[in-house]
Amino acid sequence: MPELRILTIHDPEDLKVLRTRGRKVQAVTPRLVALAEEMLETMREANGVGLAAPQVGVSLRFFVAELPEDEETGEPRETFILFNPEIVKGRGEQVGYEGCLSIPGTIGEVARKDEVTVQGVDERGRTVRYKVQGYLARVFQHEIDHLDGVLYTDKLTDPATFRPVDAGQEELAEREMARA
């Protein structure tokens, strides 16, 4: 059972941390990798697909993300740990609903780049570059925003799209809105 607590906007002290730009990671250490692994466990337990270090009270520039196995296509689970990520290229646009573990029980419509190239450092300290599109591009951009103190609610296409959903069911609600 993970011991990390996900900060939420409902606590003023948490909100201060969530609104702070994360500091660059100077070196990928075993301690940071262990924290990232614990973040993955915390994210999975919360039914999330991404979690940035500031969301667990650590003002450093890294995040974890994971796409679950796709039972329909047979695509395996994809897990990402990325330190000091930067978007180096983006193109196209997609509009879709997003939720956030730090803003539980809500979703809202956000416009994002449809395809992004993100460069950073992996858990082995190697420079990596990912060219991602669609949903994964949305996840990466959302998590990188957290590293800059930006929340998805800052980027709503229209405040009227912000709506309540059952807490813990944000991802399901996002998919349902995408099909509507």
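The values are calculated or read from the model by the stated rules, or taken from the named source; none is laboratory data. Predicted model only: the values in this text are computed from it and were never measured. Ideal geometry is used to build each Cβ from the backbone, glycine not excepted, and the neighbour counts take in all protein chains shown.
Below is a table of values for the structure above.
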read-out: Residues being in a helix (DSSP H, G or I), without any contact (Cβ under 8 Å) to a residue 24 or more places away in the chain and either surrounded by fewer than 13 Cβ atoms within 10 Å (Cβ to Cβ) or of a type in the set (Val, Ile, Thr) (or both) - total across the stretch 1-24; value: 3
read-out: Test: residue in the stretch 88-105 that is assigned to a strand (DSSP E or B) and among the hydrophobic types (A, V, I, L, M, F, W, C); value: yes
read-out: GLY99 being over 24 Å from ARG124 (Cα atoms), surrounded by 13 or more Cβ atoms within 10 Å (Cβ to Cβ) and touching a Pro at 6+ places or on another chain (Cβ under 6 Å); value: no
read-out: Near pairs, Cβ below 6 angstrom, 6+ apart or cross-chain, from the stretch 100-115 (more than 11 Å from GLN55 (Cβ to Cβ)) to any residue that is surrounded by 18 or more Cβ atoms within 10 Å (Cβ to Cβ) and small (Gly, Ala, Ser); value: ILE107/GLY99; ILE107/ALA173; GLU115/ALA137
read-out: First in the stretch 25-40 and within 17 Å of ARG5 (Cα to Cα), second anywhere and acidic (Asp, Glu) and surrounded by 16 or more Cβ atoms within 10 Å (Cβ to Cβ), Cβ under 9 Å, 6 or more apart; value: LEU32/GLU123; ALA36/GLU123; GLU37/GLU123; LEU40/GLU66
read-out: Filtered residues of the stretch 141-171 (kept if without any contact (Cβ under 8 Å) to a residue 60 or more places away in the chain, of a type in the set (Asp, Glu) and surrounded by fewer than 18 Cβ atoms within 10 Å (Cβ to Cβ)); value: ASP154, ASP158
read-out: Which numbered condition GLU38 fails, given (1) touching a Pro at 6+ places or on another chain (Cβ under 6 Å); (2) at pLDDT below 95; value: (2)
